[in-house]
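The next block holds one structure in the form of structure tokens; read it before the comments.
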Amino acid sequence: MAAMTDPDIPFPSLGTCALPPVPGAGDGDWLAGVVAAARAAAGRLPVPTPRDEAWRFTDIAQLSRQSYRVDADAAVLPDAVALLPFVIDEAADARLVFVDGVFAPGLSATGALPAGVRLRPLSSMLAGARDGDGPSGAEAEVRAHLARHAAFETDFFSALNTARLSDGAAVVCDRGVQVAGAIHLLFLSTGRPAPVAVQPRVLVVAGAGSELTVVEEYAALGESIVFTNTVAECVVGADASLRHVRLQRENRASFHVGRCAVSIARDGRYRSVSLNVGARLSRLDLAVTLDGEGAQAHLDGLALLEARQHADSHTLLGHAKPHGTSRQLHKCVCDGGSHAVFNGRILVRPDAQHTDAAQQSRGLLLSPKAQINAKPQLEIFADDVKAAHGATVGQLDGDELFYLASRGLPTAQARKLLTYAFAAEVIERIPVRSLVSRLAAQLMARSGL
């Protein structure tokens, strides 16, 4: 990977300042063209403000008035002991680690994967993609899908990420291959003194009939300001199954903006669980397109906030073909002066007859100063459709508190127990048992149970 020695860069210029060489990109080839187009878009598109409807409740002024360093080569790698809290048993030998945006081969392991699964840094895949098909065709899959699903032409943050496309994680699973354990993509920030910007990229391709689980995790080892701007693209082939877990637990000084675009082919199945417990300000845009007949999508999300945290989650479930099924549950728990936003949109296009879609948003306020804004939306352009949505925001149930108090549980403990139960419903849907146990323990400790 090329050295990057830029000075502090004002936020709006992150996509248009002097750029490092892109691995695998030569003059006139496809990747250089993509990066050039993204750079032009980053210079053309306005920075979102609350005047934009999609950003009505999220003001990024505190993010955009900062300058950031992108000298990723200055990263200090943590030792193996520091990595232990992040190790997932089911993915102990199927892990890529990136530190301050730089691939860390000494902390990564790829020895437990079956034949037909390629887990490699994106820079490695890109180098192969420049010359066309590799022996396995994995590089061809990268070329076919990278920057094809996340719309950088119309989205400022996607353009910013694509303009500085340098490295990230690529997972390509061949047709019919099943991965028994999980694949862990871990992005760590080390907390150097100056605000740092990292813009990792993730590409997951599940070939026809394949089955795999991917955990995408963002965490911080220090307390300094980090701006993470990440883009993930997931492609689910015909009759394939992709289980995707996304964890965001960066420090309380940081900013996190995530984009995830998913395309599901005929009879493909995509199951997502997103947990948002970190960062000072975070935003996740998850767009899922059911692009094949009989495609299925299940989305579960949880934002667990306190103090002055702000988390914004926008989802789009786009039904494009007949007989699609989607289910969504999103929960927010807000304490202190925190603020959660959920905007969930279900779009049923004219060709998507016999769609079955259901969406539920539930918010729990633990403090009079906490705030939740929920906006579920249905847009239906087909005739024969079953679709429903609902949103509730409230406080802990008084009857349940009374019941627990009547059984001798102190009120404070009863409140913590009910809060834990509310959040645990989403955590328990994670298809990685050791991760469920760890997160449940952390949630209990955070709740004081």
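Overview of values
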quantity: Candidates Ala138, Ala238, Ala151, ranked by Gaussian network fluctuation over the chain, Cα under 10 Å, top entry; calculated: Ala151
quantity: Residue (of Gly181, Val142, Val204) at the positive-pole extreme of the range 110-232, dipole from beta-carbon charges; calculated: Val142
quantity: Inter-site label distance for Leu84 and Ala151 at 7 Å from Cα along Cβ, in nm; calculated: 4.8
quantity: Alpha-carbon Rg with Dmax, taken over the chain, Å; calculated: 21.4, 74
quantity: Where Tyr68, Tyr420 fall by accessible area, highest first, once all protein chains stay in place (1.4 Å); calculated: Tyr420, Tyr68
quantity: Residues with amide H under 5 Å from that of Val341, placed H, sequence gap 5 or more; calculated: Ala311, Asp312, Ser313, Asn373
quantity: Cα lying deepest toward the dipole's positive end in the chain, options Leu107, Pro376, Gln395, charges on Cβ; calculated: Gln395
quantity: Cβ crowding within 10 Å averaged over residues, with 401-409, 51-59 ranked highest first; calculated: 51-59, 401-409
quantity: Largest-first principal axis extents, alpha carbons of the range 183-301, Å; calculated: 50, 21, 18
quantity: Links that overshoot a 21 Å alpha carbon limit, given the list Lys331/Lys386; Lys375/Lys416; Lys331/Lys369; calculated: Lys331/Lys386; Lys375/Lys416
quantity: Accessible heavy-atom area order of Glu379, Glu293, highest first, probe of 1.4 Å; calculated: Glu293, Glu379
quantity: Selected from Ser437, Gly324, Gln359, residue furthest toward positive end of dipole (the range 302-442; charges at beta carbon); calculated: Ser437
quantity: Debye, to nearest 20: dipole size of the range 99-242, +1 on Lys, Arg Cβ, -1 on Asp, Glu Cβ; calculated: 240
quantity: With all protein chains modelled, accessible area of Ser447 [1.4 Å, Å²]; calculated: 20
quantity: Charge dipole (debye, nearest 20) of the range 278-333; +1 at Cβ of Lys and Arg, -1 at Cβ of Asp and Glu; calculated: 180
quantity: Rounded to whole Hz, the Karplus (6.51, -1.76, 1.60) HN-Hα couplings of the range 331-347, x for glycine and proline; calculated: 10, 10, 10, 10, 10, x, x, 6, 9, 10, 10, 10, 10, x, 10, 10, 10
quantity: Derived scalar couplings ³J(HN,Hα) [the range 168-174; Karplus, 6.51 cos²θ - 1.76 cosθ + 1.60; whole Hz; x for Gly, Pro]; calculated: x, 10, 10, 10, 10, 10, 5
quantity: Gain in span if fully extended, Asp29 to Ala61, counting 0.36 nm per residue against the direct Cα distance; calculated: 7.8 nm
quantity: Lys, Arg +1 and Asp, Glu -1 on Cβ, resulting dipole of the chain about Cα centre, debye, nearest 20; calculated: 940
quantity: Accessible area (Å², 1.4 Å probe, nearest 10) - Val76; calculated: 100
quantity: Protection proxy ranking, peptides 208-215, 115-122, average beta carbon neighbours within 10 Å, highest first; calculated: 208-215, 115-122
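The values are calculated or read from the model by the stated rules, or taken from the named source; none is laboratory data. Note that the structure is predicted; figures quoted are calculated from it, not measured. Every residue, glycine as well, gets a Cβ built from its backbone with ideal geometry; the counts of neighbours run over all protein chains shown. Note: areas computed on protein heavy atoms with side chains; ligands, DNA, RNA excluded. Shrake-Rupley method; radii C 1.70, N 1.55, O 1.52, S 1.80 Å.
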